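**Student:** Please find one structure pasted underneath; my questions will follow.
The values are calculated or read from the model by the stated rules, or taken from the named source; none is laboratory data. Note that the structure is predicted; figures quoted are calculated from it, not measured. Cβ placement follows ideal geometry from the backbone for every residue including glycine, while neighbour counts extend to all protein chains displayed. Ligands, DNA and RNA are excluded from the accessible area calculation, which covers all protein heavy atoms including side chains. Shrake-Rupley method; radii C 1.70, N 1.55, O 1.52, S 1.80 Å.
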Amino acid sequence: MKEITSAEFDKEVIQSGKVVLDFYSSECPPCEALAPKFEGLANLYGKDIKFVKMFRQQNKELAEKLGVKSSPTLLFFDNGNQLSNTLSGGIKRSDIIYILDNMLTTERAKEIKSHIKPTVSEFDVLILGAGPGGLTAGLYLCQSKINTVLIDIALPGGQVSTTHEVSNYPGFINPQPGYMLSHNMSKQTKLCGSVYKVAVDVTKVDLDKKEVIIDEFETIKAKRIIIATGTSPNLMGVPGEKELKGKGISYCATCDAKYYGDKEVVIIGGGNSAVEEADFISKFASKITMVHQFDAFTANKQAQEKLFANSKISTLFEHEPRSFVREGEKIITEVENLKTKERTKLVSDGVFVFIGMKPNISMFKDKLQLDKWGYIKTDEDMHTSMSEIYAVGDVISKKYRQITTAVADGTIAAIAIAKKLD
Ligand SMILES: Cc1cc2nc3c(=O)[nH]c(=O)nc-3n(C[C@H](O)[C@H](O)[C@H](O)COP(=O)(O)OP(=O)(O)OC[C@H]3O[C@@H](n4cnc5c(N)ncnc54)[C@H](O)[C@@H]3O)c2cc1C
């Protein structure tokens, strides 16, 4: 693998056959997460495809010319032609392999794969999920000099990273952008010395053997596991939802609200998330219709008062969506009045759904005792029904799911483990 500058671009990339070029930056956690994967793949595919890196800040002009808008970005070239595939952000090893394999013949790609050597590493504690719960456990364990690895399918930070503003995390007088709070939490844990394996594919979780396989070939063993995998948004299961997910139906205001400047939006839901995110979306959208199944919102009173004072937002209580259809640029949401059964069509530019969450437990749900909603049962030390398996944060059975409660759970599990190891 070679570090190049824009002056060498023609020789090292355009005139060099098959090339993958990594535009990276300093102070860039996703770039740090990519670096070992890029190096590993350079060793594996290096005979067939050239791997080069370029420091984006010092080669800005070329980066812009090539359409690079964020770091890291991987660009692929074949005989001087830039391929349409581009990867950026939390790049997974499997996504790179998919493109590299397509640049080679099937036989050659197979042969290269046959050279992959499985690896095994061992830690005292393995934390699955690097949201506030996992990161806090990681920090406490690290400060107790306990050898800890954090594994996440995405970049560290969890749901806080996509929350536009957090105003109730103690210690900050002004509301904090969610991504900043999660960035600081992650940096603090990493600086302490915890090992991160993030933006990886979790291939298998074996709680009996206390091992997790990532990216197919990397086995990570530990004496104890903390599950901190949080929750994911519930889907409505309404016709059209699956087809339009990410194409007009969104579950993340921070990610997508900015695309609805001066546009009309429908929001489904009436709890804290729906009401708080509606306020944020109204900074962009010109009109919002909130559809909620009950006759009143269940969000906290302060958030509701703010919402009712917002002239851009109107409400449709006791209504539920029945279908979503795209007509040209518009999304048609058919809603049913739960009292009269009458159906009407709402025309909007996009739909946001905030109707609660479900625990991320699919990889180990049969092993652990769960409550009737599928959340993991723990004792007061955050220990689950399985020996040396702990669980913290939103994934556990409890009444209130907040950053502060996830952080508290992470603290408890880590201290309990540290005391045991003492
Ligand atoms: C829109 C919205 C706004 C919110 N606003 C606030 C607020 O203002 N204040 C507040 O206190 N709380 C807020 N919350 C709640 C808060 O974000 C959560 O309570 C908190 O993030 C829970 O932390 P956690 O670590 O348990 O889980 P998460 O933050 O969900 O993190 C879980 C992590 O596990 C990873 N993961 C999932 N599955 C796997 C797997 N199989 N293997 C490895 N990793 C996996 C995920 O990628 C994620 O990084 C909000 C939530 C939402 C959805």
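**Student:** Could you go through region 210-227 and let me know if any residue there is of a type in the set (Asp, Glu), buried (at least 17 other Cβ atoms within 10 Å of the Cβ) and either within 7 Å of the ligand (Cβ to nearest atom) or not in a loop (DSSP other than H, G, I, E, B) (or both).
**Tutor:** The answer is yes; a qualifying residue exists.
**Student:** So, in region 333-365, of the ones that are of a type in the set (Gly, Ala, Ser) and in contact (Cβ under 8 Å) with a residue 60 or more places away in the chain, which residue ends up nearest to the ligand (Cβ to nearest atom)?
**Tutor:** Among those residues, the one meeting the criterion is Gly356.
Yes or no, residue by residue, for (1) in contact (Cβ under 8 Å) with a residue 12 or more places away in the chain; (2) more than 17 Å from Met357 (Cα to Cα); (3) of a type outside the set (Val, Ile, Thr); (4) within 15 Å of the ligand (Cβ to nearest atom):
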residue: Ser232; (1), (2), (3), (4): yes, no, yes, yes
residue: Cys255; (1), (2), (3), (4): yes, yes, yes, yes
residue: Val291; (1), (2), (3), (4): yes, yes, no, no
residue: Ala303; (1), (2), (3), (4): yes, yes, yes, yes
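**Student:** Consider Ser70 carefully, then state whether it is without any contact (Cβ under 8 Å) to a residue 40 or more places away in the chain and either open to solvent by less than 80 Å² (accessible area, probe 1.4 Å) or closer than 26 Å to Ile153 by Cβ (or both).
**Tutor:** In short, yes.
**Student:** Please verify whether region 366-383 includes one or more residues that are without any contact (Cβ under 8 Å) to a residue 12 or more places away in the chain, more than 25 Å from the chain's Cα centre (by Cα) and closer than 23 Å to Thr298 by Cα.
**Tutor:** Yes, because at least one residue in region 366-383 is without any contact (Cβ under 8 Å) to a residue 12 or more places away in the chain, more than 25 Å from the chain's Cα centre (by Cα) and closer than 23 Å to Thr298 by Cα.
**Student:** Restricting to region 284-300, give me the number of residues that are open to solvent by 20 Å² or more (accessible area, probe 1.4 Å) and part of a loop (DSSP other than H, G, I, E, B).
**Tutor:** 8
**Student:** Right, next: Conditions first: (1) β-branched (Val, Ile, Thr); (2) over 21 Å from Pro36 (Cβ atoms); (3) touching a Gly at 6+ places or on another chain (Cβ under 8 Å). Thr189 passes all but one, so which condition is the exception?
**Tutor:** Here Thr189 clears every test but (2).
**Student:** Which pairs have Cβ atoms under 7 Å, sit 6 or more apart or on different chains, and link a residue in region 167-184 that is within 21 Å of Asn300 (Cβ to Cβ) to one that is at pLDDT 95 or above and small (Gly, Ala, Ser)?
**Tutor:** Correct list of pairs: empty, since none qualify.
**Student:** Answer yes or no: is there a residue in region 38-47 that is assigned to a helix (DSSP H, G or I), acidic (Asp, Glu) and in contact with a Ser or Thr (Cβ under 9 Å, 6 or more places away or on another chain).
**Tutor:** Within region 38-47 (the criterion being assigned to a helix (DSSP H, G or I), acidic (Asp, Glu) and in contact with a Ser or Thr (Cβ under 9 Å, 6 or more places away or on another chain)), the answer is no, since none of the residues qualifies.
**Student:** Which one is surrounded by the most Cβ atoms within 10 Å (Cβ to Cβ) among residues in region 301-318 that are at negative phi and part of a loop (DSSP other than H, G, I, E, B)?
**Tutor:** Only one residue fits best here, namely Lys312.
**Student:** Taking region 1-23 as the search range and keeping residues that are among the charged types (D, E, K, R) and more than 16 Å from Glu39 (Cβ to Cβ), which one is least open to solvent (accessible area, probe 1.4 Å)?
**Tutor:** Glu12
**Student:** Here is a follow-up. Tally up the residues in region 326-356 that are open to solvent by less than 70 Å² (accessible area, probe 1.4 Å) and not polar (S, T, N, Q), please.
**Tutor:** So the count comes out to 16.
**Student:** Pull up region 377-419, narrow it to residues that are closer than 19 Å to Ser232 by Cα and away from the ligand (no atom under 11 Å from the Cβ), then point me to the one that is surrounded by the fewest Cβ atoms within 10 Å (Cβ to Cβ).
**Tutor:** Among those residues, the one meeting the criterion is Lys399.
**Student:** Residues of region 36-53 being acidic (Asp, Glu) and either over 14 Å from Asp215 (Cβ atoms) or over 28 Å from the mean Cα position of the chain (by Cα) (or both), which ones?
**Tutor:** Selection gives Asp48 alone.
**Student:** Filter region 257-283 for residues that are within 11 Å of the ligand (Cβ to nearest atom) and open to solvent by 40 Å² or more (accessible area, probe 1.4 Å) and give the result.
**Tutor:** Within region 257-283, Asn272, Ser273, Glu276 qualify.
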